[in-house]
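Only one structure is covered here, and it is reproduced in the block below.
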Amino acid sequence: MTIAMQLSTLGNFVLYFVSATVLVGIFALIYTRLTPWHEIPLIRAGNNAAAISFSGALLGFILPLSSAIAHSVAFIDMIVWGIVALVVQLLVFLGVKLIDSDLKRRIEGGETAAAAKLGVLALGFGILNAACMTY
């Protein structure tokens, strides 16, 4: 196999990777605006609960986005399913917030149990989301 053959799909790699990175940035921006606490300053201040919950949400989005990349038949397919993954993760957050009305205080207070619950649910639904994208 020649180097030219090996590099023939480099353009697609760059397109998908850059697009996925942009989608992750969009997700992070929307998610941090949707939550009633401020993840980035809390994480910078050493709040483990904010880091755990935000990491779970990011992974819960990135996992189905990865599945969308792996299973898409066209670039637009990946974008559409990436948006579906984004919406699912936002709905997961809203659902957890609905059942735990004290979530803001608990995350801001550094309560890792609340953060673990949110992070695990985000990741778990991300896994389900990714699996459902294969059909």
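Values in this text are rule-based calculations from the coordinates and carry no lab data. All of these numbers come straight from a predicted model, not from anything done at the bench. When we count neighbours, we look across all protein chains shown, and the Cβ atoms used for this are built from the backbone with ideal geometry, even at glycine.
Please rank 53, 19, fewest neighbouring Cβ atoms within 10 Å first, as an exposure proxy.
Least crowded to most crowded, the residues run 19, 53.
By count of other Cβ within 10 Å, fewest leading, how are 101, 72 ordered?
Working: 101 8, 72 17.
Ranked by crowding around the Cβ, least crowded first: 101, 72.
At a threshold of 8 angstrom on Cα-Cα distance, excluding pairs fewer than six apart, so keeping six or more, what relative contact order does the chain reach in percent? Before the final figure, lay out the partial values.
On the way: 135 pairs, mean separation 47.5, N = 135.
That works out to 35 percent.
If the viscosity is 1.567 mPa s and the temperature 4 °C, what translational diffusion coefficient in µm²/s does Stokes-Einstein give for the chain when Rh comes from Kirkwood over Cα pairs?
83 µm²/s
Among 80, 119, 41, whose Cα sits farthest toward the positive end of the charge dipole of the chain (+1 at Cβ of Lys/Arg, -1 at Cβ of Asp/Glu, about the Cα centre)?
Going by the charge dipole, the pick is 41.
Residue 29 to residue 112: FRET efficiency via 1/(1 + (r/R0)^6), r the Cβ-Cβ distance, R0 35 Å, to the nearest 0.05?
Calculated transfer efficiency: 0.90.
What full-extension length gain, to one decimal in nm, is calculated for residue 131 and residue 83 as 0.36 nm per residue of separation minus the Cα-Cα distance?
15.7 nm
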